[in-house]
Amino acid sequence: MDFATIHWSATCDACGAAQHRSGTQAVVEDRLRWDEEHVCSGCGSTALVCGDTLPDRLRTRMLAEHGAARLVLSDLPARRLPILRVLRNDGGRTLPEARALLELILGGGHHGTGPEIELLARRLRAVGVAAETVRAPGTLGGS
Ligand SMILES: [Zn+2]
């Protein structure tokens, strides 16, 4: 689950023709990256945009198409400190925020896109915590 791609149709801003669009989110060298590509069959215009934080409109589409992922930790509660350290470094959380997130993870309530959760799982594995990305129950299948 280190990358996920979505496809959809939209109307070309330039000529009004139906346009094929695709977007990808991926874990690239310990960071999240995304890109979006448009190719218009009508006027041939193309666009490629990319960035690090997935825009909400793409994130919503990605969660709808691929379902949410969830983080599973298998060796708790012995190793909370390294986990809290990773959670603090991830997105600059405060310690109370990291604690709250850990509780959410332990309760199975922390959901995200596959690549988002996979990046967190990788960072946790890097400090020796057995972390795994699984598909969240109650979301769509497929991959
Ligand atoms: Zn066009």
How tilted is helix 80-89 with respect to the longest principal axis of the chain? Cα atoms for both, answer in degrees (0 to 90, nearest 10). 30
Could you work out which residue, out of Ala14, Ala121, Ala64, moves most in a Gaussian network model of the chain, that is, has the largest mean-square fluctuation with Cα springs under 10 Å? Ala14
Computed over the chain, the relative contact order (Cα-Cα under 8 Å, seq sep at least six) in percent reads 26
Ascending count of other beta-carbon atoms within 10 Å, so fewest first, for Ser74, Ser22: Ser74, Ser22
Looking at the square roots a ≥ b ≥ c of the eigenvalues of the Cα gyration tensor of the stretch 7-109, which shape do they give, rounded for a/c under 1.5, prolate if a/b is larger than b/c, or oblate? prolate
Quick check for me: using +1 on Lys/Arg Cβ and -1 on Asp/Glu Cβ, what's the dipole size of the chain about its Cα centre, in debye to the nearest 20? 520
For Ala14, placing the label point 7 angstrom along Cα-to-beta-carbon and taking the stretch 21-54, residues whose amide nitrogen sits under 15 Å are 21, 37-49
Hey, what do the phi angles of the stretch 50-64 turn into as Karplus ³J(HN,Hα) couplings, whole Hz, using 6.51/-1.76/1.60 and θ = phi - 60°, x for Gly and Pro? 8, x, 9, 8, 4, x, 3, 4, 6, 5, 4, 5, 5, 5, 5
Can you order the peptides 80-93, 101-114 by their average number of other Cβ atoms within 10 Å per residue, highest first? 101-114, 80-93
Shape call, the stretch 69-135: gyration tensor on alpha carbons, a/c limit 1.5: rounded
For n ≥ 4 DSSP H runs only, could you compute -39500 (n - 2.57) per run for the chain, divide by its residues and tell me the 222 nm figure to the nearest 500? -10000 deg cm²/dmol
Please list, in chain and number order, the residues 5+ apart from Gly42 or on another chain whose amide H is under 5 Å from its amide H, with Hs placed from the backbone. none
Computed lengthening from Arg99 to Ala126, 0.36 nm per intervening residue step minus Cα-Cα distance: 7.8 nm
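Every number in this text was worked out from the coordinates using simple rules, so none of it is lab data. Fair warning: this is a prediction, and the values are worked out from it, not measured in the lab. Cβ coordinates were reconstructed from backbone atoms using ideal geometry, including for glycine residues, and neighbour counts include every protein chain displayed.
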